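The structure appears below as structure tokens.
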Protein chains: 4
Amino acid sequence: MKKDIPTTQLCRYDETDIFVRERNLCKEVIGRMSFTDFMFLQIMGRPCGSTERAVIDAALVTLCEHGLTPSAIAARLTYYGAPESLQGAIAAGLLGVGSHFVGTMENCAKVLQEILNGQEPVEKAARNVVSRFRAAKQALPGFGHPHHRPDDPRPAALFAAGRAAGVNGRYIATLETLSHEVDSAFGRHMTINATGAIAALMLEIDVPPELMRGFAVLSRAAGLIGHLYEEQRNPSGPAIWKAADKAVPYAAE
Amino acid sequence: MKKDIPTTQLCRYDETDIFVRERNLCKEVIGRMSFTDFMFLQIMGRPCGSTERAVIDAALVTLCEHGLTPSAIAARLTYYGAPESLQGAIAAGLLGVGSHFVGTMENCAKVLQEILNGQEPVEKAARNVVSRFRAAKQALPGFGHPHHRPDDPRPAALFAAGRAAGVNGRYIATLETLSHEVDSAFGRHMTINATGAIAALMLEIDVPPELMRGFAVLSRAAGLIGHLYEEQRNPSGPAIWKAADKAVPYAAE
Amino acid sequence: MKKDIPTTQLCRYDETDIFVRERNLCKEVIGRMSFTDFMFLQIMGRPCGSTERAVIDAALVTLCEHGLTPSAIAARLTYYGAPESLQGAIAAGLLGVGSHFVGTMENCAKVLQEILNGQEPVEKAARNVVSRFRAAKQALPGFGHPHHRPDDPRPAALFAAGRAAGVNGRYIATLETLSHEVDSAFGRHMTINATGAIAALMLEIDVPPELMRGFAVLSRAAGLIGHLYEEQRNPSGPAIWKAADKAVPYAAE
Amino acid sequence: MKKDIPTTQLCRYDETDIFVRERNLCKEVIGRMSFTDFMFLQIMGRPCGSTERAVIDAALVTLCEHGLTPSAIAARLTYYGAPESLQGAIAAGLLGVGSHFVGTMENCAKVLQEILNGQEPVEKAARNVVSRFRAAKQALPGFGHPHHRPDDPRPAALFAAGRAAGVNGRYIATLETLSHEVDSAFGRHMTINATGAIAALMLEIDVPPELMRGFAVLSRAAGLIGHLYEEQRNPSGPAIWKAADKAVPYAAE
């Protein structure tokens, strides 16, 4: 093996067989493994245990669909202009799964790692993080939601699912401690949101923060198919165009 | 309900609850449904039975990963230039999931529908289709593979998975009849390929041809995460750049 | 030169020089050529004469900006979700520059080529085309506009620009003949639209139909920068989200 | 005018006229303005003077084409899989115009602004910047090139073009001062690269750093059309696939 060239551990194949992560696709995978199990194996390079399965399924069903989001609107409008390319409409919708909404997941994960892996006791470390974000006038990643109050309903469901599946629970506990410190520091309750809760859950099964966004993109890809299927049968493109045009009127400088 | 405006049946939510296809996300979905089941429900608007689950899982695990495909290469090179946007790298890879490789799925499905829903007996209808494609010098969608011979190993595994899950089998049978006529007409064996087999399976569970590409895109989205995770730890971008540059030399006109 | 490998004629470079189409970038291009002239040379492989320059500039300024189009909305919403990736927002907007709006350009071009290159006299050939599209109940590519009536104002300006720049005029004349036959057949005036006029102009300077969409994409890329610059200073994403959500209400099945 | 809604200053139109930045598209733009002039007006909201024209043209011709770059390869491979969508192939190529190659432009621009707008004399401020980047072990944005040595040939040509067009020159001078400090601190010559030089030039005409990437994307969009035109006539997709597959071999863990 030459050391100076990059390699891949994902897949090898010949005329009669395909192996993914050394599993024979046709003899060990098709008809035998669920999409969740296979995808976890392909991505992470280790088998999907029952805990991992529960966490990944919970994360993916949570982020899949939330109505006419900016991402869904972009996909629908793109399909309107380019119906020859379903993949283009999905890609357009996925391009908005970025730092503003989903980046909070990886940033929250990094905060949780910092709190748990540092020298300070968890409560003190959490308090320090809150102070730092307040001083910088930055929103704390994983907290707050524009529509859901007083609490985003998803974190409790996600934590319950994770605990029922046997996660260790230290990242969930850290996020709950952080939440307590957030409420104290701001003098009012600020909800943990879905991306914050998923960040904690994914850390419980050792998904690295910089990969978390990938699962959000995957989940949303499924959700966008549902939107585009509606668009194929009952197009909303012209109505959205008209509404947006009205919502952003022309104004001479 | 106003008739002159488009509507959506996917999702409604308020401050405390989210409903997708009228299921309470936090009480009936998270921790209770797999990603496969939930996505099928979200997209198709009907529950995912055991047959549907088996077919969708089989299709999704089949299309997820096949090594350094053009789609994976595009994603890796895009990540090399724009590591700030994991979603952009995935989107770039998905943009190549188009008519050349995956369009054969929907075209094969339409051919199978034509054969099965026409007036002629299936064998005669299949023969007519083969003649028409031969006369037009067009490749028959769902047949042939550049690497796998004499047979792509995936169709047999896919058909077995579908039959074990209780599909009716008429589209599989139609594809097998078509395969027989293809071999007769061309005087040599041409393999049914994975996209052809998946087209038949998806028809068995009433996925419309024009939506099939969506599932291929979704499956590939998962596969690309695995490639980008490798890229994060062991970048191949520079090596691929160099290799491609050498493979396509400059030639003055 | 090996025959069995693909080659490129675009660019070669070494440690001290870069040559594009055999022009020294630093000595013959930078500071000496306009973007229009250079891009035409790079794409088409021949120098941009004054006629080509006038046609390309006219086409590009025409397609650049038309307000809050679906493409601009998709770009703005994508930027809202992923402000870290200006390129992603532009790409999302470009993905909608497809068959529905811009594909008419290449289809109109092919119709004009068919009419002019066939055996029949132009008028008869034009009449045949109109009959064929009417029989198939298909819209004639290059005709009709949802907002501009009785006439899209751009074709006259485009034709004038082309003629002033010395185009031969046979494709413009063919489109005018076709327009006459369209009006006769439908018994009412249907405007030539901008994409139809640009198709004729681009044929005058030998841009192949299958490449025309590229120029539309390029022109729109510039227009989208203007939209995203507005978005950076005065975000419309939240307002468009709200308006679209209202325009496509939830309706239980 | 309601204050609480976003507005656009780009375009208004009615049945007979289209106005972009209050210029009548058909009477004042088509046939009268070049693409460079019009795009600058549309984006920046002010007319393109001769200095701006020279700078924008110089920047756009410089970034358009540099052979089989990762961006061009991604576009070509995407077209191979999805030839139905030229816009998808261009978009895939543009998605890689990100922080790694082009982000250096905006980062270099911000460094130049910091040096010029701070309290310290320029030389001292430049020295401080170099020290800070060295201490952080970060590459200085705008310096260094993998292929061109000892000097990237483009900066000199760009500076000459800018000066000939009458730019004030203070950002160019600042970059040259910074270059001097870089060489002193590192004890060897490190070239100013093309993105660094363009950053300085664009600041001279008041293009904000966060918009600069847009012009790089636009320029590359043109370049990609040239690559895809080659791909239409002489496909390189299969050869690049094969080469990449070989460059990144499978290695079991």
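The values are calculated or read from the model by the stated rules, or taken from the named source; none is laboratory data. Everything numeric here is computed off the predicted structure, so don't read it as measured data. FYI the Cβ positions are ideal-geometry reconstructions off the backbone, even for glycines, and counts take in every protein chain you see.
In region D:12-37, what residues are at positive phi and either of a type outside the set (Lys, Arg) or at the interface with another protein chain (Cβ under 7 Å from one of its Cβ atoms) (or both)?
Those that are at positive phi and either of a type outside the set (Lys, Arg) or at the interface with another protein chain (Cβ under 7 Å from one of its Cβ atoms) (or both): D:22, D:31.
Restricting to region D:89-145, name every residue that is over 22 Å from residue C:87 (Cα atoms) and among the basic types (Lys, Arg).
D:124, D:127, D:132, D:134, D:137
Conditions tested, residue by residue: (1) free of Cβ contacts under 8 Å to residues at least 60 places away in the same chain; (2) under 30 Å from residue C:23 (Cβ atoms); (3) surrounded by fewer than 21 Cβ atoms within 10 Å (Cβ to Cβ); (4) touching a helix residue (DSSP H, G or I) at 6+ places or on another chain (Cβ under 8 Å).
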{"position": "B:147", "(1), (2), (3), (4)": "yes, no, yes, no"}
{"position": "B:151", "(1), (2), (3), (4)": "yes, no, yes, no"}
{"position": "B:159", "(1), (2), (3), (4)": "yes, no, no, yes"}
{"position": "B:183", "(1), (2), (3), (4)": "yes, no, yes, no"}
{"position": "B:189", "(1), (2), (3), (4)": "yes, no, yes, yes"}
{"position": "B:194", "(1), (2), (3), (4)": "no, no, no, yes"}
{"position": "B:207", "(1), (2), (3), (4)": "no, no, no, yes"}
{"position": "B:213", "(1), (2), (3), (4)": "no, no, no, yes"}
{"position": "B:231", "(1), (2), (3), (4)": "no, no, no, yes"}
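Exactly one condition in (1) within 30 Å of residue C:71 (Cα to Cα); (2) in contact with a Gly (Cβ under 7 Å, 6 or more places away or on another chain); (3) of a type in the set (Lys, Arg) is not met by residue A:233; state its number.
(2)
Out of all the residues in region A:56-69, is one or more over 21 Å from residue B:34 (Cβ atoms) and of a type outside the set (A, V, I, L, M)?
Yes; the residues of region A:56-69 include at least one that is over 21 Å from residue B:34 (Cβ atoms) and of a type outside the set (A, V, I, L, M).
Any residue at all in region A:243-253 that is touching a Phe, Trp or Tyr at 6+ places or on another chain (Cβ under 6 Å) and either farther than 25 Å from residue B:225 by Cα or touching a residue at least 12 places away in the same chain (Cβ under 8 Å) (or both)?
Checking region A:243-253: not a single residue is touching a Phe, Trp or Tyr at 6+ places or on another chain (Cβ under 6 Å) and either farther than 25 Å from residue B:225 by Cα or touching a residue at least 12 places away in the same chain (Cβ under 8 Å) (or both).
So residue C:123 fits all but one of (1) acidic (Asp, Glu); (2) under 20 Å from residue C:50 (Cα atoms); (3) assigned to a helix (DSSP H, G or I); what number is the exception?
Just one mismatch for residue C:123, condition (2).
Filter region A:1-33 for residues that are hydroxyl-bearing (Ser, Thr, Tyr) and either assigned to a strand (DSSP E or B) or under 18 Å from residue B:156 (Cα atoms) (or both) and give the result.
Hits for region A:1-33 are A:8, A:13, A:16.
Mind checking whether some residue in region C:211-225 is at pLDDT 95 or above and not in a helix (DSSP H, G or I)?
Among the residues of region C:211-225, not one is at pLDDT 95 or above and not in a helix (DSSP H, G or I), which makes the answer no.
Within the set of pairs 6 or more residues apart or between chains, which connect a residue that is in contact (Cβ under 8 Å) with a residue 24 or more places away in the chain inside region A:104-131 to a residue that is among the aromatic types (Phe, Trp, Tyr) and not in a helix (DSSP H, G or I) with Cβ atoms less than 9 Å apart?
Within 9 Å, the pairs are A:104/A:143; A:108/A:143.
Can you name the number of the only condition in (1) touching a Pro at 6+ places or on another chain (Cβ under 7 Å); (2) not assigned by TED's automatic domain parsing to the domain that holds residue A:72 that residue A:194 fails?
Exception for residue A:194: condition (2).
For region C:164-195, give me each residue that is under 19 Å from the mean Cα position of the chain (by Cα), part of a helix (DSSP H, G or I) and within 11 Å of chain D (Cβ to nearest Cβ).
Passing the criteria: only C:194.
Only residues in region C:6-34 that are surrounded by fewer than 18 Cβ atoms within 10 Å (Cβ to Cβ) count as the first member; pair them with residues that are aromatic (Phe, Trp, Tyr), Cβ under 6 angstrom, at least 6 apart or cross-chain, and list the lot.
C:12/B:250; C:12/C:19
State whether the residues of region B:111-133 include one that is within 17 Å of the chain's Cα centre (by Cα) and buried (at least 22 other Cβ atoms within 10 Å of the Cβ).
Checked against the condition, which is being within 17 Å of the chain's Cα centre (by Cα) and buried (at least 22 other Cβ atoms within 10 Å of the Cβ), region B:111-133 yields at least one hit.
So which of A:158, A:95 ends up being within 30 Å of residue A:237 (Cβ to Cβ) and modelled with pLDDT of 95 or more?
Being within 30 Å of residue A:237 (Cβ to Cβ) and modelled with pLDDT of 95 or more holds for just one of A:158, A:95, which is A:95.
Restricting attention to region B:39-91, report how many residues are among the aliphatic types (A, V, I, L, M) and closer than 23 Å to residue A:12 by Cα.
Total meeting the criteria: 13.
Could you tell me whether region C:68-85 includes any residue that is touching a strand residue (DSSP E or B) at 6+ places or on another chain (Cβ under 7 Å), crowded, with 18+ Cβ neighbours inside 10 Å and outside any helix (DSSP H, G or I)?
yes
Please give the number of the condition residue B:101 fails out of (1) over 21 Å from residue A:93 (Cα atoms); (2) in a helix (DSSP H, G or I).
The one condition residue B:101 does not meet is (2).
Taking residue B:65, is it of a type in the set (Asp, Glu), facing another protein chain (nearest Cβ under 7 Å) and crowded, with 24+ Cβ neighbours inside 10 Å?
yes
Could you please find all residues in region C:70-88 being of a type outside the set (Gly, Ala, Ser), without any contact (Cβ under 8 Å) to a residue 60 or more places away in the chain and more than 15 Å from residue B:84 (Cβ to Cβ)?
Scanning region C:70-88 gives a single hit, C:70.
Would you say residue C:67 is without any contact (Cβ under 8 Å) to a residue 60 or more places away in the chain and under 18 Å from residue A:78 (Cα atoms)?
On the way: without any contact (Cβ under 8 Å) to a residue 60 or more places away in the chain: yes; under 18 Å from residue A:78 (Cα atoms): yes.
Taking the combined requirement at face value, the residue satisfies it.
Condition (residue is assigned to a loop (DSSP other than H, G, I, E, B) and touching a strand residue (DSSP E or B) at 6+ places or on another chain (Cβ under 9 Å)) applied to region B:47-65: is it met by at least one residue? Break it down into steps so the answer makes sense when it comes.
Start the filter on region B:47-65 by keeping residues that are assigned to a loop (DSSP other than H, G, I, E, B), which leaves B:47-49, B:64-65.
After this cut, where a residue has to be touching a strand residue (DSSP E or B) at 6+ places or on another chain (Cβ under 9 Å) as well, the list is B:64-65.
Yes: region B:47-65 contains one or more residues that are assigned to a loop (DSSP other than H, G, I, E, B) and touching a strand residue (DSSP E or B) at 6+ places or on another chain (Cβ under 9 Å).
Exactly one condition in (1) within 10 Å of another protein chain (Cβ to nearest Cβ); (2) part of a loop (DSSP other than H, G, I, E, B); (3) surrounded by fewer than 24 Cβ atoms within 10 Å (Cβ to Cβ); (4) not aliphatic (A, V, I, L, M) is not met by residue A:106; state its number.
The number of the failed condition is (2).
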